[in-house]
1. Of the residues 200, 147, 225, which exhibits the maximal mean-square fluctuation in a Gaussian network model of the chain defined by a 10 Å Cα contact cut-off?
2. What does the highest-first list of 130-136, 202-208 look like by mean Cβ count within 10 Å?
3. How many angstrom lie between the C-alpha centres of the range 40-60 and the range 199-270?
4. Antiparallel DSSP bridges in the chain: what percent, to the nearest 5?
5. For a Förster distance of 51 Å, can you work out the FRET efficiency between the beta-carbons of residue 285 and residue 158, rounded to the nearest 0.05?
6. Given R₀ = 51 Å, FRET efficiency for residue 224-residue 74 by Cβ-Cβ distance, to 0.05?
7. If a/c stays under 1.5 just call it rounded; otherwise compare a/b with b/c (prolate if a/b is bigger, oblate if not). Do that for the range 21-155, with a ≥ b ≥ c from the square roots of the Cα gyration tensor eigenvalues.
8. Let a ≥ b ≥ c be the square roots of the eigenvalues of the Cα gyration tensor of the chain; is it rounded (a/c under 1.5), or, if not, prolate (a/b larger than b/c) or oblate?
Ligand SMILES: [Zn+2]
């Protein structure tokens, strides 16, 4: 219980306190499910973790919180796969809700931890060098872990015939990464996008940020990249980016795969870009959001 409260307190720093009810969902178990092709959801209600299976072992995107690791393990087992077959660990970005459990996953499975260049310092310092949260302590800090491979924008990660491409989409963190890959579905090849995060968190300074002078230009770059990516299957670092619970309910009901949602992807990116522009304009006018 204490642990839950500690997590709750730290999460309330990450998002507006009023949104706390939604964030408890990070620790709420959610049914593991097949998404499409060789992609499976092994996250919680609010915390997205993906298992990508191949004949040569599996790739895990996001370790989640330290408390999420046993939940991921359970989800992988329920789907009939082996946690010990995790060969590569990737992250959406270096924030504790996606990477605090990484040290445990690497220790348990021996997976290679492959991280975008400008997030490497943050994960290797256990969150201490994050431009916004590094000095906030609490749950923002977590066990440090050494990265096995430093990724650069456009690099690929390959395993057993699956190829993931790392697109640097910075701003939310300096090395925030949007992953893309292709899957086969009903004989067709589809483009999958795992959005890293286009969100400007409460308290983020977009104008005159001494620890991250280029933050606004980086968000601009991110929206250019996101708008340029071909997206058939829309996924992301949190389920609420793509309406996961409602889509899961549709999946259970049968019919067309609800995760194929190119229009939903476009609408989400447009909505997030508008939110960024509004925040930037407010800060440029000397206000705060
Ligand atoms: Zn984040």
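Derivation of every value follows stated rules applied to the coordinates shown; laboratory data play no part. Just so you know, these numbers come straight off a predicted model, no measurement behind them. Cβ placement follows ideal geometry from the backbone for every residue including glycine, while neighbour counts extend to all protein chains displayed.
1. 225
2. 130-136, 202-208
3. Cα centres, the range 40-60 to the range 199-270: 18 Å.
4. Close to 70 percent.
5. The pair residue 285/residue 158 has a calculated efficiency of 0.65.
6. Working from the Cβ atoms, E equals 0.85.
7. oblate
8. The shape class here is rounded.
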